[in-house]
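The values are calculated or read from the model by the stated rules, or taken from the named source; none is laboratory data. Source: prediction; values computed, not measured. Cβ placement follows ideal geometry from the backbone for every residue including glycine, while neighbour counts extend to all protein chains displayed. Side chains are part of the model used for accessible areas, which takes the heavy atoms of the whole protein and leaves out ligands, DNA and RNA. Shrake-Rupley method; radii C 1.70, N 1.55, O 1.52, S 1.80 Å.
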Amino acid sequence: MRFTKEDPRSWFMEKRFGMFVHWGIYACGGRHEQEQMRYNVPPAVYENYADIFDPVKFDPAQWLDMIQENGMQYLVFTAKHHDGFCMWDTAETNYNIMNTPYGKDIVGMLAEECHKQKFPLELYYSCVDWHHPAYPNLGRHHEITTDPAKHDMDQYMDYLKRQITELCTHYGEIHGIWWDMNVPQLLDTSVNALIRKLQPKAVINNRGYDPGDYSTPERNFQDEVFRPFDGITEACDSVSMNSWGYCADDDLFSSRKLERQIALYTSLGSNFLLNAGPRPDGTFPERTVKLLNRIGSWYNCVKSALTAPPCPRLQNKNILCTGGGKELNLIFLETPQAESVRLEGLDILPERCELLNSGETLPATLEANVYDRHLPPMVRLRHLPVERMNNEIQIIRMSFEKDVICPAKNSNLGR
Ligand code: GLC
């Protein structure tokens, strides 16, 4: 499925890079967004975080500046994570942001700033709830164990629908609901129907109570053969290796590893959601901001190549290709072994080859096929900055005088 241009959700096809923010009272512990379950913290102890959560430095305008400077075009924010704590002024439970020393509606503040800046805001809502007594916590994955005598899925679903109604009616336009962890695998199409009725622009992912609008591959791509995605897709990864919420001791990924993820998914047609977790005071850690800045300045240079249509006939697992007509972009997922690559399958010399990362032009020549003299000649791209390629995903745009006809079969580009 794809959204047609007239569909109010079609904004999602234009804005391809988003920021994911995991933030809740778990930031106080600085260990993991699932601290309560992973460190076996008794609920009564964990809930104390609500008595100290006071993010006095939270500034939604500053968040949006940082997000936009780094090329991201929409925001997905955790309104409620698995711990059940609500980051908005909800009438459905006292376990919410109004009952913290901070006492201000964080979802409301973000929504207000997003509306002011016309910036799409989506809200993440965890199906699993470790706080609500009626949620059937049976100790399955992503669940703790709670009193079975109180479990009542119908009651919980009513609660969830009332909360979703609040989120979809109290904050103006909302651009999506991002479900997570429907552990019981319950099917209930009335939930997404409710969102669709209240918020026509809202995109809905596939982790809720029906397949929704799009799929959500997480972390690493497992597939060996890279094919463009059939349906709408939004991949996600976090800046850090083990957590999505703020974790003082987590290991940040290298910018190259994240650029590779972003380049791989977006050039195959997916959106990409990059996550970071703010500290308990409301600011992002400096090292996270530095990393986002590195990725952001890279993305801003290469974005037009990543968001061009996939051109799968001219690619292999080392080099992906996008574009068409008079322009083809080569996305080097792996660093070539030498300073030149031979593009078997491409027998028209480009007029210009530009390294989008820096704006430099690179020389290219048309040469006999060194692998098989009976085959047509092929383009040799030269003077590639192989050392720099180890640090940053490089993208070359080839511009041609005429439309390029892609080979009928997959080529052996740059083997
Ligand atoms: C993983 C994490 C969860 C996080 C989610 C985001 O499932 O376990 O905490 O919210 O990814 O996609």
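For ASN99 and SER297, what does the FRET efficiency come to when R0 = 45 Å and r is the distance between their Cβ atoms, rounded to the nearest 0.05?
Working: r = 41 Å, r/R0 = 0.90.
Efficiency, rounded to the nearest 0.05: 0.65.
Pairs exceeding 21 Å between alpha-carbon atoms, taken from LYS257/LYS290; LYS5/LYS317; LYS15/LYS201: LYS5/LYS317. Within a straight-line Cα-Cα reach of under 30 Å, LYS150 can be paired with the following lysines, leaving aside sequence neighbours fewer than 8 residues apart in one chain: LYS80, LYS161. Rolling a 1.4 Å probe across the protein heavy atoms gives the chain an accessible surface of 42 Å² per residue.
The label-point distance for TYR39 and LYS118, in a model that sets each label 7 Å from Cα toward Cβ, rounds to 4.4 nm. Label-to-label distance, ALA61 versus LYS150, with points set 7 angstrom from Cα along the beta-carbon direction: 4.3 nm. If I take every Cα pair under 8 Å that is 6 or more residues apart in the chain, average their sequence separation and divide by the length, what percent do I get for the relative contact order? Answer for the chain is 15 percent. Note on the chain: with neighbouring protein chains present and a 1.4 Å probe, carbon and sulfur make up 49 percent of its accessible heavy-atom surface.
Working note: Karplus 6.51/-1.76/1.60 with θ = phi - 60° gives region 256-272 the couplings 5, 4, 6, 4, 4, 4, 5, 5, 4, 5, 5, 6, 9, x, 8, 7, 9 Hz, where Gly and Pro are set to x.
Report for the chain the percent antiparallel among DSSP-assigned beta bridges with both residues inside it, nearest 5. Taking every DSSP beta bridge within the chain, about 45 percent pair in antiparallel fashion. Listed values for region 62-79 are Karplus-derived 3J(HN,Hα) couplings in whole Hz (6.51 cos²θ - 1.76 cosθ + 1.60, θ = phi - 60°), namely 5, 4, 5, 4, 4, 4, 6, 4, 8, x, 8, 10, 7, 10, 10, 10, 6, 6, and x replaces Gly and Pro.
Annotation: amide H of ASN271 within the under-5 Å range of THR233, GLU234, ALA235, sequence separation 5 or more or interchain, hydrogens built in the peptide plane. For the chain, adding -39500 (n - 2.57) for each run of n ≥ 4 DSSP H residues and dividing by the number of residues yields -7000 deg cm²/dmol at 222 nm. Length gained on full extension, GLU92 to PHE3: 28.7 nm, using 0.36 nm per residue less the C-alpha separation.
Taking a sphere under 13 Å around the Cβ of PHE272 and counting the other residues whose Cβ falls inside, with K and R at +1 and D and E at -1, yields a net charge of +1.
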